[in-house]
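A short worksheet on the structure shown next.
A short reminder: the numbers here are calculations on the coordinates, not readings from a lab. Model, not experiment: these values are computed from the prediction. Reconstructed Cβ throughout: ideal geometry from the backbone, glycine too, with neighbour counts over all protein chains shown.
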Amino acid sequence: MSQIDLPKYTSLDELFSDMMQMTGDPLADTGMNVVISRGNPKARLLIVGEAPGPQENIQGKPFVGRAGQLLDKILEAGKFDPERDVFITNSVFRMPPGEGGKNFRKPTDKEIEYYRPYVNEIIRLVDALIVLLTGNVACQSILGKTGITSLRGQWTQLQGRWIMPIFHPSYLLRNPSKSPGSPKALMWDDIREARRKYDELIGE
Ligand code: URA
């Protein structure tokens, strides 16, 4: 699928109202809700996740299920208030419905590609200084590459923003060990590094 061309929106409200009726949306026929964001649209820190899950589909907000509760804890460990200091969105804006007894699945390349211009427009309008990409789908959407184990914890500068991939909280739920070098221990290093960069750039 070739990438859609979006107009340059002047406000998030205008963008979000168009996103409620996206044309050509590959997940439009699933009957799933459009789930876009939560948090502070003026935040300097933006988190990009993967796609809504069942809880997010019901509540209409990203990261409100188990992975979201863990994400909030991680943010709080970095002394970020999830409602005041952070804006949270996803790479895909409807839950990809599951097959074979599962209620959701990973987004396809085509789905990631379709929603990418919307994600980029959200990033541009929020104008955060720091963007954390949780997991491979967000890396694929924004950086055009995957390999979270080697990408995590590394800063990239993109259009004046500081971008860092981090593990997806769902991955930490599946790997709960806190021993040195475990995904959870690395996540704690990464959120501390995000805090350090935030203080350096913003001087809290
Ligand atoms: N996982 C995500 O990546 N996004 C959500 O909104 C929920 C779970």
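Connecting C-alpha atoms closer than 10 Å in a GNM of the chain, tell me which of PRO26, PRO52, PRO180 has the biggest fluctuation. Of the options given, PRO180 has the highest mean-square fluctuation.
Taking the square root of 5 times each eigenvalue of the Cα gyration tensor, what semi-axes in Å does the equivalent ellipsoid of the chain have, largest first? Display every interim value, and only then the final one.
Values: eigenvalues 126, 84, 48 Å².
Each semi-axis is √(5λ); the values are 25, 21, 15 Å.
For region 76-131, the set of trypsin sites (Lys or Arg not before Pro) satisfying both a DSSP loop assignment and a count of at most 11 other C-beta atoms within 10 Å is given as ARG84, LYS102. Length gained on full extension, LEU129 to GLN21: 36.0 nm, using 0.36 nm per residue less the C-alpha separation. The average projected area of region 28-121, computed from the convex hull of its Cα atoms over all directions, is 6.3 nm². Select from ALA28, ALA128, ALA67 the residue whose mean-square fluctuation is largest in a Gaussian network model of the chain (Cα-Cα springs shorter than 10 Å). Checking each option, the largest mean-square fluctuation is seen for ALA28.
Under 13 Å from a label point set 7 Å out along the Cα-to-Cβ vector of ASN120, the amide N atoms of region 1-41 belong to 2-9.
Highest GNM mean-square fluctuation among ASP189, ASP29, ASP109, for the chain modelled with Cα contacts below 10 Å: ASP29. Looking at the chain, what % of its DSSP beta bridges pair antiparallel, to the nearest 5? Approximately 30 percent, going by the DSSP bridge assignments. Placing a label point 7 Å from the Cα of GLN159 along the Cα-to-Cβ direction, the residues of region 111-133 whose backbone N falls under 11 Å from that point are 117-128.
Of the trypsin sites (Lys or Arg not before Pro) found in region 151-204, the ones in coil according to DSSP and having at most 16 other Cβ atoms within 10 Å of their Cβ are LYS178.
Hey, what did the chain get for relative contact order, percent, Cα under 8 Å, at least 6 apart? Result for the chain is 23 percent.
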